Amino acid sequence: MKNLYFASARSEDFSYQTSMVAKLENMLRKTDLSKYIDKDDYVAVKTHFGSEGGHRIVRPIFLRKVVEAIKAVGGKPFVTDTVRIEGLDYLETANIEGINHLSVGCPVVLADGVFGKNYLKVKAGKILGEISIASGIYDADAMIVVTHCKGHIQAGYGGAIKNLAMGAIPGHTREGNSERGRIHSIETQLEWDEEKCELCGDCVEICDHDALSMTDKIEIDHFKCHKCRRCVEVCENEALTLPITEDEFQMAMAEAAKAALNTFKPNKVVFINFIMEVMPHCDCHPHSDVPVINDQGILMGDDIVAIDMASLDLIEKSAPLPDSKAEKLDPKKGLLKELTGRDPYVHVLHAEKLGMGKSKYKILRID
Ligand code: SF4
Ligand code: SF4
């Protein structure tokens, strides 16, 4: 049974102490980062920089508190993510979202370098064989994984495991293959149906990776494609399909996250999950829908399985919000499963099977 600190999102009086910011400071004190971070350790604060048009990522004010707590125990923090769109454009996305050196109080860098090509190959599991890990993660001495929890169109849920599975690896290998594409769909590729396509161009416009082009037909660059399914979702004619094996994708995700964690010595990684502004989809999308449940709060602990399981349970126990995508869903059938069509527990339980942590947890409320 793993202990997890939990701070509720409720703030019932006018004092600073009931703010989420103060509660996060309190949790960081109770967690005692000196148990995980030695003096002069380089500490990656792994978060998601978001997407232009999306705005529900973890806000800079929270990242700053994490950075201050790392500095207080003698660590050298840097806030980081891996290249998702072109490197400098992605840093500018972070800047637009308010994440920069001035706001968070430490360097904001791309873990896989400006061009997304700084990485090392490591062993992964049975499905992936091996995977590339961004050098900024690989070489860091310690890591705080700061995650905005939400739905995900392929995994049902995007939490800490997904943050590492997709975010600790580079977009592409030097040979041009999409590493994220390999996790998203091991054996299948995006397919285009000429009969159904009316050449509206919506898919080309929504692709962040320049993998689609349109002349008198849609051409797919399979090397560039991350298999993120944005184009599949946007096509109203169902002219694009990407067959997936749900379980295999989720298991591959757990393998990739494990490979990233294996680059750290034991007891060097802490996880902070924000179960706030839980949207139906992930932060890569160029828009943010309204939350499907009320804000729940923040969880913190050193077990990636326990924290994702607890986050999922909090989401699943919550009532769907009116006027949201979940409004008419029956939560008894599983909120995220109903929303996304995927069972979100598959990858979390597979992570437990891989020995990454324990799904049983105990909540220690700090407010
Ligand atoms: S969004 Fe669909 S219909 Fe429009 S161009 Fe793309 S494949 Fe064709
Ligand atoms: S799945 Fe579609 S939107 Fe995503 S990278 Fe591939 S072509 Fe682009």
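By the Cβ-Cβ criterion of under 4.7 Å, the unpaired cysteines of the chain are C106, C149, C197, C200, C207, C225, C228, C235, C282, C284. Over region 1-134, the Kirkwood radius and the radius of gyration, each from Cα atoms, give a ratio Rg/Rh of 1.02.
Sorted largest first, the spans of the alpha carbon positions of the chain along the three principal axes are 60, 46, 40 Å.
Looking only at A252, A22, A326, which one moves most when the chain is put into a Gaussian network model with springs between Cα atoms under 10 Å? Looking only at A252, A22, A326, the largest GNM fluctuation is found for A22.
Based on C-alpha pairs under 8 angstrom that are at least 6 apart in sequence, region 206-278 has a relative contact order of 18 percent. Sorting I293, I96, I144 from the fewest to the most surrounding beta carbons within 10 angstrom yields I96, I293, I144.
Using helices alone, what [θ] at 222 nm do you get for the chain, with -39,500 (n - 2.57) per DSSP H run of 4 or more residues, divided over all residues and rounded to the nearest 500?
Value at 222 nm, helices only: -8500 deg cm²/dmol.
Evaluated with a Cβ-only charge set (Lys, Arg +1; Asp, Glu -1), the chain carries a dipole of roughly 1960 debye about its Cα centre, given to the nearest 20. Determine the relative contact order of region 166-248: mean sequence separation of Cα pairs under 8 Å and six or more apart, normalised by residue count, in whole percent. For region 166-248, the relative contact order is 35 percent.
Rounded to the nearest 0.05, the FRET efficiency derived from the C-beta distance between V114 and Q189 at R0 = 35 Å is 0.75.
Residue exposure proxy: L349, L212, ordered by other Cβ atoms within 10 angstrom of their Cβ from fewest to most, comes out as L349, L212. Shape of region 230-353 from its Cα gyration tensor (a ≥ b ≥ c, root eigenvalues): rounded if a/c is under 1.5, otherwise prolate when a/b > b/c, or oblate? Since a/c reaches 1.5 but b/c is at least a/b, the shape of region 230-353 is classed as oblate.
Residues whose amide H comes within less than 5 Å of that of A124, counting only those at least five positions distant or on another chain, are G129, E130, I131 (H built at 1.01 Å from N in the peptide plane).
Rounded to the nearest 0.05, the FRET efficiency derived from the C-beta distance between I96 and I206 at R0 = 22 Å is 0.75. Annotation: the residues F6, F78, sorted from fewest to most other C-beta atoms within 10 Å of their own C-beta, follow the order F78, F6.
If you take all other residues with their beta carbon under 9 Å from the beta carbon of A7, and give Lys and Arg +1 and Asp and Glu -1, the sum is +1. Relative contact order for the chain: 23 percent, from Cα pairs under 8 Å spaced at least 6 residues apart, divided by residue count.
Whole-Hz Karplus values for region 214-229 come out as 10, 10, 9, 7, 9, 9, 10, 8, 5, 5, 7, 5, 8, 6, 7, 6 Hz, taken residue by residue from phi with 6.51 cos²θ - 1.76 cosθ + 1.60 and θ = phi - 60°; glycine and proline positions read x.
Excluding same-chain neighbours fewer than eight residues apart, the lysines reachable from K123 by a Cα-Cα span under 25 Å are K46, K162, K224, K227, K258, K265, K268, K353, K358. Phi-derived couplings, Karplus 6.51 cos²θ - 1.76 cosθ + 1.60 at θ = phi - 60°, listed residue by residue for region 65-75: 5, 5, 4, 5, 5, 5, 4, 4, 9, x, x Hz, with x used for Gly and Pro.
Just so you know, all these numbers are worked out from the coordinates, no wet-lab data involved. Every value quoted in this text rests on a predicted model; they were computed, and no experiment measured them. Every residue, glycine among them, receives a Cβ derived from its backbone with ideal geometry; neighbour counts consider all protein chains shown.
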